[in-house]
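To start, the structure under review is shown below, and the notes come after it.
The values are calculated or read from the model by the stated rules, or taken from the named source; none is laboratory data. As the structure is a computational prediction, the values presented were derived from the model and not from experiment. Quick reminder, even Gly has a Cβ in these numbers, built from the backbone with ideal geometry, and neighbours come from all protein chains shown. Remember, those area values only see protein heavy atoms, side chains included, never the ligands or the DNA or RNA. Shrake-Rupley method; radii C 1.70, N 1.55, O 1.52, S 1.80 Å.
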Amino acid sequence: MRSAGNLWTRKHLLGMAGLAPEEIDTLLDTAVSLREVNRRDIKKVPTLRGKTVINLFYENSTRTRTSFELAGKRMSADVVNMSVASSSVKKGETLLDTLANLQAMNPDVVVIRHPESGVLEFLANNLDAALVNAGDGRHEHPTQGLLDLLTIQDHLPLLGQKSFAGLVVAICGDVLHSRVARSNAIGLKTLGATVRFVGPATLMPAQAAEAFGVTVHHRLEEGLAGAQVVMMLRLQNERMNSSYLPSVREYAAFWGLNRARLKLADPNAIVMHPGPINRGVEIASEVADDPERSVILEQVANGLAVRMAVLYLLCGAGVRR
Ligand code: NCD
């Protein structure tokens, strides 16, 4: 496989944008070496003893928040989950003030999910703690990008690939509102994959081809043809402020992945989804639950390993200073 470096000098993980292939390799290699901890009977190592991680989630989350919490705990860090619903944010405190107060308690890492795109860059310039972007608006979701890269990497031999170079990945559905699509496209392109954005014109970012170096397809059948990796996206209704679609039923009819459509992809193609899945909308249960094709729960397991790796590297464990 690719050469393993131990190159991690960054303070924050704000996005996939700007990460060099060697940095991605370091993150994935670290995740691979840490993931056996999760298969042990006693799932705990002392690696981050004495370190403090704060999870600050301004948007709903199941997988991401739980896995950051478990990632910290399995490495013996002290993990605090700030529930925004019960915090002073509800009393009118600004994000920067909340962070400055949390910082006064000297945490090592603050993990933030926030509905505004780009907010992490602003905070990183104004605070000392190491920040991890757990999803900012429609902008980026780097740990999702990394866990998806790790899941794909695990399957490269079965897909007849020695590396990501030339691998054909179709990212399908509501690309416009998806931070998952952005982080994946950036990471996959950095490692040399061929990326397709597949979705209705109303759910495609402007100038997607130029901005991301992808090809754009407005028919699912065309986008799926020969693809080795099929990544389905949820309709991000919470980010839609106008009507982008005639109806969900029509969307499912034209854009839903079912077994018949999946036959157009490579015979060994894997199917991915960041979750939460909307069964019968972007993905049929017969595909989501197909043990031969679906790697959706492998993504979740790898998410834990990737978040362990991120906390480990940001806490200075692999840093050459
Ligand atoms: C994604 C997110 O929140 O960006 N979910 C996740 O983190 N696993 C995608 C989504 O909500 O559809």
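Would you check if residue 66 is closer than 22 Å to residue 149 by Cβ, at pLDDT below 95 and out of contact with any Ser or Thr (no Cβ under 8 Å at 6 or more places or on another chain)? Show your work before the answer.
On the way: closer than 22 Å to residue 149 by Cβ: yes; at pLDDT below 95: no; out of contact with any Ser or Thr (no Cβ under 8 Å at 6 or more places or on another chain): yes.
For residue 66, the condition - closer than 22 Å to residue 149 by Cβ, at pLDDT below 95 and out of contact with any Ser or Thr (no Cβ under 8 Å at 6 or more places or on another chain) - is not met.
Out of the range 241-281, which residues are within 16 Å of the ligand (Cβ to nearest atom), open to solvent by 40 Å² or more (accessible area, probe 1.4 Å) and small (Gly, Ala, Ser)?
280
Scan 61, 76 and give me the residue that is open to solvent by less than 60 Å² (accessible area, probe 1.4 Å), touching a residue at least 60 places away in the same chain (Cβ under 8 Å) and in a loop (DSSP other than H, G, I, E, B).
Values: 76 fails: touching a residue at least 60 places away in the same chain (Cβ under 8 Å).
Matching residue, one of 61, 76: 61.
I'm trying to understand the selection: among the residues of the range 118-134, which are hydrophobic (A, V, I, L, M, F, W, C), within 16 Å of the ligand (Cβ to nearest atom) and either open to solvent by 10 Å² or more (accessible area, probe 1.4 Å) or within 14 Å of residue 182 (Cβ to Cβ) (or both)? Lay out the reasoning, then the answer.
First pass over the range 118-134, keeping only residues hydrophobic (A, V, I, L, M, F, W, C): 119-120, 122-124, 127, 129-132, 134.
Now narrow it down to the ones that are within 16 Å of the ligand (Cβ to nearest atom): 119-120, 132, 134.
Within the range 118-134, 119, 120 qualify.
Would you mind stating whether residue 45 is touching a Lys or Arg at 6+ places or on another chain (Cβ under 8 Å), β-branched (Val, Ile, Thr), farther than 26 Å from residue 182 by Cα and surrounded by 17 or more Cβ atoms within 10 Å (Cβ to Cβ)?
Details: touching a Lys or Arg at 6+ places or on another chain (Cβ under 8 Å): yes; β-branched (Val, Ile, Thr): yes; farther than 26 Å from residue 182 by Cα: yes; surrounded by 17 or more Cβ atoms within 10 Å (Cβ to Cβ): no.
So residue 45 fails the test.
Quick check, is residue 177 within 16 Å of the ligand (Cβ to nearest atom) and outside the structural domain of residue 310 (by TED's automatic domain parsing)? Even if it seems obvious, please write down each step before you answer.
Details: within 16 Å of the ligand (Cβ to nearest atom): yes; outside the structural domain of residue 310 (by TED's automatic domain parsing): yes.
The answer is yes for residue 177.
Output the number of the condition that residue 113 fails; it satisfies all remaining conditions of (1) of a type outside the set (S, T, N, Q); (2) within 24 Å of residue 67 (Cα to Cα); (3) open to solvent by less than 10 Å² (accessible area, probe 1.4 Å); (4) assigned to a strand (DSSP E or B).
Status for residue 113: all satisfied but (3).
Failed condition for residue 53, given (1) in a helix (DSSP H, G or I); (2) open to solvent by less than 10 Å² (accessible area, probe 1.4 Å), with all others met?
Result: residue 53 passes all but (1).
Taking the options 129, 165, 77, name whichever one is more than 22 Å from residue 312 (Cα to Cα) and of a type in the set (A, V, I, L, M).
Going through 129, 165, 77 in turn, just one is more than 22 Å from residue 312 (Cα to Cα) and of a type in the set (A, V, I, L, M): 165.
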